[in-house]
Amino acid sequence: MIDIPFRSKEVSWLSFNSRVLQEARLPETPLLERVKFLGIYSSNLDEFFRIRIATLRRLARLGLPPEKLGIPDPKETLQKVNQTLKAESRLFNEVYDQVFESLREERIRVITDKEVPPSLEKHLRDYFSREVLPRLMPIVIKSTSMLRDLQDQPMYLAVKLGRKVGSGRPLHALIEIPTDIPRFHVLPKIGEEKLVMYLDDVIRFGLPMVFEPTHYDTFEAYAVKFTRDAEMEFDNDFMDSLYEQLSEGLKAREEGDPVRINYDANMPKPFLRLVMNALDVVGDEDSKFPGARYHNRKDLIKFPTLGRGDLQYPPLHPVPPPRIDTEDNNLFRSIRTRDILLHLPYHSFHHFLDLLRQASIDPLVKTIRMTQYRLAKDSFVARALINAVRNGKEVTVLVEPTARFDEQNNMTWASRYRDAGIRVIWGVPGLKVHAKLCLIERIELGVLRSYSVVGSGNFNEVTAKIYTDHMLFTANPEIGEDLLQIFRFFDRNFEVPKLRHLVCAPFTLRSTIYGAIDAEIAAAQAGEKAQIWIKINNLSDVEVVRRLYRAAAAGVDIRLIIRGMFSLDTGEPDCSIHLNAIGIVDQLLEHARVLIFHNGGKRRFYLSSADFLPRNFDSRCEVLCPILDPWLQEQLGRYLEIQWSDTVKARVLDSSLSNRLRQPTDTTPPVRAQAAILEYLSNLEHQDPQGA
């Protein structure tokens with residue numbers, strides 16, 4: 001039983017997604033960025049239904065009392081979630097209408113199939129015939145149809161066909177909207193106005209051509225989409241091939257139980273019943289979400305920019321990290337001289353790619369070891385590793401097989417690695433490897449020297465442009481030995497790694513965090529300064545929450561910067577003075593994980609791959625890495641201070657999770673943290689106290 005104030009993960013996560021929708025509402029957010037935030041909100045919600053709602057419903061069906069589950073009552077949580085979702089669905093549509101009305105004022109107009117200017121009809125027919133029609137394979141629905149095997153990711157148009165003259169029964173069909181061509185089609189410009197069409201409406205326009213052989217001449221088309229349970233369960237018997245289990249799991253995901261059914265609210269009820277019966281997705285009322293004309297609005301993330309840079313955030317241009325000698329261009333020499341800390345994307349991810357490329361051709365490099373959780377689909381990181389093994393290096397990659405929604409991509413890369421001669425460790429039985437680690441060993445003057453890379457985010461050059469993360473490059477031999485111990489554990493799972501500097505879950509991460517919090521409590525109780533700063537994505541572990549309440553009550557100054565799930569109540573009596581939290585939503589996705597403990601004045605700074613959720617402590621391999629260089633510590637501290645001072649994009653995470661925007665005072669100018677951090681890092685180049 002939970003005996004402390006503790007919000008469910010789902011309710012707090014919805015509050016985070018509300019902050020995303022809030023960005024779409026703000027008139028000061030550039031207009032095309034507001035469109036993108038609508039898409040992000042919708043994409044987040046899809047994943048929320050596929051994962052969190054599906055899990056809650058399974059737990060609710062179990063009927064176990066909440067005290068045995070160790071979480072808030074799933075049935076009560078589902079009720080709160082459904083209330084929030086229905087209110088936000090209306091709000092989303094209001095914001096959508098406001099944003100697209102503002103686009104019209106900027107001479108960008110989204111038109112339907114009924115609004116195509118006569119002068120553009122030939123263009124649209126040609127485009128439809130050439131690009132769209134070959135991809136459409138209508139499925140005729142009969143009263144006895146069973147179409148359960150249809151996928152849940154695409155969207156469908158449910159089409160009712162009739163005749164203007166004469167009688168006869170109508171024909172019903174489903175058309176899957178293709179996903180391999182753009183969701184938005186830009187029409188040739190007319191005057192000063194730019195016209196855009198949803199692919200859905202391009203198909204509606206072309207329905208007479210699709211169904212020409214049937215001799216029907218009236219068409220009604222309504223959007224239908226269903227979201228299935230995306231959780232995949234695996235047996236613990238690793239005697240079976242995990243490849244086979246994954247393949248079966250991916251197939252099962254496409255056939256999972258429906259957790260949400262979206263449909264056009266204007267769809268006639270008898271037609272809706274026919275479609276749902278045919279799809280075998282007749283869910284309860286809480287699964288049904290009548291909506292607008294268009295679904296899958298996550299595609300708004302890719303809404304065409306139409307050359308309107310004035311309606312977007314200016315592009316971010318990375319600044320050079322001060323400790324990388326661009327003239328010498330030998331990264332091993334730079335790292336050997338001093339530790340380097342990249343702050344992505346303010347610094348370019350290309351520096352890591354440069355390190356891998358240099359390692360792949362350097363005759364002194366003998367081995368490369370790396371973990372892979374999420375790679376880009378056409379990954380330069382993977383190419384560098386394959387090139388290294390071709391050049392005679394011994395390369396080992398731990399590929400995590402159960403990285404959610406990246407399972408297929410990781411399976412593909414694992415096969416390519418093996419074909420190229422890379423040694424693949426296909427996960428660790430019973431343990432998801434979420435740590436971001438790379439270890440390069442190089443022979444120097446007859447001695448094997450380690451070069452280590454530890455990050456808070458994935459080795460992914462695509463997300464590294466839009467996610468804020470930190471990446472440490474170090475030649476510290478003790479950290480290198482720690483990484484070697486962890487990779488040996490990946491190889492021989494019975495050997496628990498013995499580490500000097502790194503902290504590894506599921507072995508010592510929980511006890512280390514408990515110990516650090518307890519030390520601050522002891523300091524506060526002794527009348528000494530005590531402080532904890534935590535910046536992570538999610539904080540929803542009951543025991544950590546309990547300790548943070550205790551620390552705040554003891555007088556520890558606690559500052560939390562949390563992007564997503566947040567289960568604390570900052571207004572709890574005896575805690576509210578010392579316990580404060582914010583969440584930042586802005587141009588870049590806040591993804592970095594940083595911990596700072598005052599530690600009696602000898603502050604401890606850590607990068608982490610882990611959020612504070614039970615799974616990160618108990619059923620994943622995560623790594624907490626200390627930052628030992630004083631100047632890099634100063635950078636991380638200043639980084640968090642800037643974020644804490646944000647008065648433009650920071651929301652206060654108060655008791656009601658109202659997402660109130662922080663406001664500048666009369667005596668302080670507004671601070672937008674992401675812009676201020678870029679400015680701060682731009683001025684670092686000549687400030688290194690250890691610089692030559």
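No lab work stands behind these numbers, since they all come straight from the coordinates. This is a predicted model, so every value here is computed, not measured. A quick note on method: Cβ atoms are made from the backbone with ideal geometry, for glycine too, and the neighbour counts reach across all protein chains shown.
Data table
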item	result
Value of [θ]222 nm, deg cm²/dmol, for the chain, DSSP H segments ≥ 4, -39500 (n - 2.57) each, nearest 500	-11000 deg cm²/dmol
Average silhouette area of region 1-106, convex hull of alpha-carbon atoms, in square nanometres	7.2
Binned Cα-Cα distances of region 560-663, short to long, each 5 Å bin given as a whole percent	2, 10, 18, 21, 21, 17, 9, 1, 0
Neighbour-limited loop hits for trypsin sites (Lys or Arg not before Pro), region 417-505 (at most 12 other Cβ within 10 Å; DSSP other than H, G, I, E, B)	492, 498, 500
Simple spin-label estimate for residue 87 and residue 466 in nanometres, 7 Å along Cα-Cβ	2.9
Per principal axis, descending, Cα span of region 331-498 in whole Å	42, 38, 32
Taking 301, 190 and counting other C-beta atoms within 10 Å, the order from fewest to most	190, 301
Farthest toward positive dipole pole in the chain [+1 Lys/Arg, -1 Asp/Glu at C-beta], among 431, 155, 452	155
Spin-label pair residue 337/residue 4, simplified geometry with 7 Å Cα→Cβ offset, distance in nm	4.7
FRET efficiency for residue 378 and residue 301, using Cβ-Cβ distance with R0 set to 22 Å, rounded to 0.05	0.70
Cα shape, region 564-611, gyration tensor, a/c 1.5 rule	oblate
Within region 1-72, GluC sites (Glu not before Pro) in DSSP loop having at most 12 other beta-carbon neighbours inside 10 Å	28
Cut-off 13 Å between beta-carbons: net charge of the residues surrounding residue 218, Lys and Arg +1, Asp and Glu -1	+2
Mean separation of Cα contacts under 8 Å, 6 or more apart, over the residue count of region 331-498: relative contact order %	29
Formal net charge of residues neighbouring residue 387 (Cβ-Cβ distance under 11 Å; K, R +1; D, E -1)	+4
Förster radius 56 Å - calculated FRET efficiency between residue 212 and residue 522, Cβ distance, rounded to 0.05	0.10
Of 194/298; 377/432; 114/142; 160/225; 36/649; 80/288, pairs whose Cα-Cα distance is over 18 Å	194/298; 377/432; 114/142
Between helix 673-682 and the chain: long-axis angle, C-alpha atoms, 0 to 90°, nearest 10	50
Calculated FRET value between residue 660 and residue 577, using beta carbons and R₀ = 30 Å, to 0.05	0.95
Cβ charges +1 (Lys, Arg) and -1 (Asp, Glu), total dipole of the chain, debye	760
Listed residue (355, 519, 224) projecting farthest to the positive dipole end of the chain, Cβ model	224
Simple Cβ-charge dipole of region 331-498, Lys/Arg +1 and Asp/Glu -1, about Cα centre, in debye nearest 20	220
Distance histogram for region 504-682 (every C-alpha pair counted, 10 angstrom bins, percent rounded to whole numbers)	10, 37, 39, 14, 1
Karplus 3J(HN,Hα) series, Hz, for region 576-592 with 6.51 cos²θ - 1.76 cosθ + 1.60 (x for Gly, Pro)	4, 5, 9, 10, 10, 8, 9, x, 10, 10, 7, 4, 9, 7, 6, 10, 5
Rounded tilt (10° steps) of 407-420 against the dominant C-alpha axis of the chain	60
Contact order relative to length of the chain, as percent, for alpha carbon pairs under 8 angstrom and 6 or more apart	12
Qualifying GluC sites (Glu not before Pro) for region 462-498 [loop in DSSP, other Cβ within 10 Å: at most 13]	495
Simple label model, 7 Å out from Cα along Cβ direction - residue 186 to residue 123, nm	1.1
Dimensionless Rg over Rh [region 164-229; C-alpha; Kirkwood]	1.06
Selection from 575, 596, 625 lying farthest towards where the dipole of region 560-655 points positive, charges on Cβ	625
Packing-based exposure ordering (other Cβ within 10 Å, fewest first) of 227, 668, 214, 371	668, 214, 227, 371
Placed amide H near residue 366: partners under 5 Å, 5+ positions off or other chain	441, 442, 443
Net length gained if the chain between residue 668 and residue 97 were fully extended (0.36 nm per residue, minus Cα distance)	202.0 nm
Cα centroid of region 540-582 to Cα centroid of region 411-473, whole Å	34
Residues of region 299-341 with amide N under 15 Å of a point placed 7 Å along Cα→Cβ from residue 135	299-300, 302-304
Diffusion constant of the chain at 37 °C, which comes from Stokes-Einstein with the Kirkwood Cα-pair radius and 0.692 mPa s, µm²/s	119
Crossing angle, helix 199-210 versus the chain [Cα axis fit, 0-90 degrees, rounded to tens]	30
